[in-house]
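Enquirer: Please see the structure below; I have some questions.
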Amino acid sequence: MGPLFVVLEGPDASGKSTQLGLISERLSSLGIPHLTTREPGGTTLGRELRRMLLDPRRSMRPLTELFLMLADRHEHVETVIKPALRGGRWVICSRYGLSTLAYQGYGRGMDLGMVRELNRIATGGLEPDYVFLLDLPPQVAYERTRGRDRFEGEGLTFFTQVRAAYLGLIRSVPRGYVIDATKSPEEVCSDILAHLPLPG
Ligand code: TMP
């Protein structure tokens, strides 16, 4: 079996970073070489893009936001994700193309066909092997994150739209799974790992 590209999706405060850590511990204990990373912000350039994208004082046009997300992704895919996979390492990534469809497509109301096509160009067609949607009721996500960054400043309606979008989108993702993120971090981690082809 080759190295796997695994993506965690879900609203902020759904525990993606915690899960990156827990999954990484488990893979290390099994001796599986891997890296954990995230979007936006998985490269040096990406960290600058992330700061711009998330700054609550900054406003930008929806298309500008889309292009910056995709610039971040292209750089990340070409300089981090593909080299790791080629080198035999698993990649566990917080957010990828589904975030762009949910937030820029459904959330900002941009044309989904265009978002899909631009995303395909940005990634060179690289799709994840597994996608886990850490699902939370919008009220819980909203309460956990209120005002933390530009996206989370959008309010409960935005979270509700994004959640509905995610739940619709994940259904057409091969090996895409919805995980109940209201459970404890340890339970969420074992629910994720149960789907992965791990030795033992
Ligand atoms: P994070 O805090 O989970 O790392 O995500 C940062 C924010 O960026 C989050 O509110 C969602 C947003 N985002 C998009 O709007 N589109 C995207 O394509 C990505 C990757 C993130």
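The values are calculated or read from the model by the stated rules, or taken from the named source; none is laboratory data. No experiment lies behind these values; they were computed from the predicted model shown. Note that we place each Cβ from the backbone using ideal geometry, even for glycine, and neighbour counts take in every protein chain shown. Protein only, heavy atoms only, side chains kept; ligands, DNA and RNA dropped before computing areas. Shrake-Rupley method; radii C 1.70, N 1.55, O 1.52, S 1.80 Å.
Enquirer: Which pairs turn up if I take residues in region 46-63 that are touching a residue at least 12 places away in the same chain (Cβ under 8 Å) and look for partners that are exposed (fewer than 12 other Cβ atoms within 10 Å of the Cβ) with beta carbon separation below 7 Å, at least 6 apart in sequence or on another chain?
Expert: Listed by first residue and then by second, the contacts come to 52/58.
Enquirer: If you scan region 164-196, which residues turn out to be part of a helix (DSSP H, G or I) and more than 11 Å from residue 98 (Cα to Cα)?
Expert: Selection gives 164, 185, 186, 187, 188, 189, 190, 191, 192, 193.
Enquirer: Could you grab me the full set of residues in region 101-120 that are small (Gly, Ala, Ser) and farther than 25 Å from residue 78 by Cα? Let's see the steps before the verdict.
Expert: As a first pass, look at region 101-120 and keep what is small (Gly, Ala, Ser): 102, 105, 107, 109, 113.
Across region 101-120, the qualifying residues are 107, 109.
Enquirer: Right, here's the next one. Answer with yes or no whether residue 65 is farther than 28 Å from residue 188 by Cβ, over 11 Å from the mean Cα position of the chain (by Cα) and open to solvent by 60 Å² or more (accessible area, probe 1.4 Å).
Expert: No.
Enquirer: Look at residue 20 and say whether it is closer than 24 Å to residue 136 by Cβ and modelled with pLDDT of 95 or more. Even if it seems obvious, please write down each step before you answer.
Expert: On the way: closer than 24 Å to residue 136 by Cβ: yes; modelled with pLDDT of 95 or more: yes.
Judged against the criteria, residue 20 is a match.
Enquirer: Here's a follow-up. Exactly one of these conditions fails for residue 155: (1) under 24 Å from residue 77 (Cβ atoms); (2) at pLDDT below 95; (3) over 16 Å from the mean Cα position of the chain (by Cα); (4) not polar (S, T, N, Q). Give me its number.
Expert: Status for residue 155: all satisfied but (1).
Enquirer: Take the conditions surrounded by fewer than 20 Cβ atoms within 10 Å (Cβ to Cβ), assigned to a helix (DSSP H, G or I) and β-branched (Val, Ile, Thr) and apply them to residue 160. Does it pass?
Expert: yes
Enquirer: Looking only at residues in region 21-54 that are over 11 Å from the mean Cα position of the chain (by Cα) and open to solvent by less than 20 Å² (accessible area, probe 1.4 Å), which one is farthest from residue 159 (Cα to Cα)?
Expert: Here the answer is 27.
Enquirer: Please go through (1) part of a loop (DSSP other than H, G, I, E, B); (2) closer than 21 Å to residue 74 by Cα; (3) under 16 Å from the mean Cα position of the chain (by Cα) for residue 125 and return the number of the only condition it doesn't satisfy.
Expert: Against the list (1) part of a loop (DSSP other than H, G, I, E, B); (2) closer than 21 Å to residue 74 by Cα; (3) under 16 Å from the mean Cα position of the chain (by Cα), residue 125 comes up short only on (3).
Enquirer: Do we find that residue 88 is touching a helix residue (DSSP H, G or I) at 6+ places or on another chain (Cβ under 9 Å), away from the ligand (no atom under 12 Å from the Cβ) and on the phi > 0 side of the Ramachandran plot in this structure? Lay out the reasoning, then the answer.
Expert: On the way: touching a helix residue (DSSP H, G or I) at 6+ places or on another chain (Cβ under 9 Å): no; away from the ligand (no atom under 12 Å from the Cβ): yes; on the phi > 0 side of the Ramachandran plot: yes.
So residue 88 does not fit the description; no.
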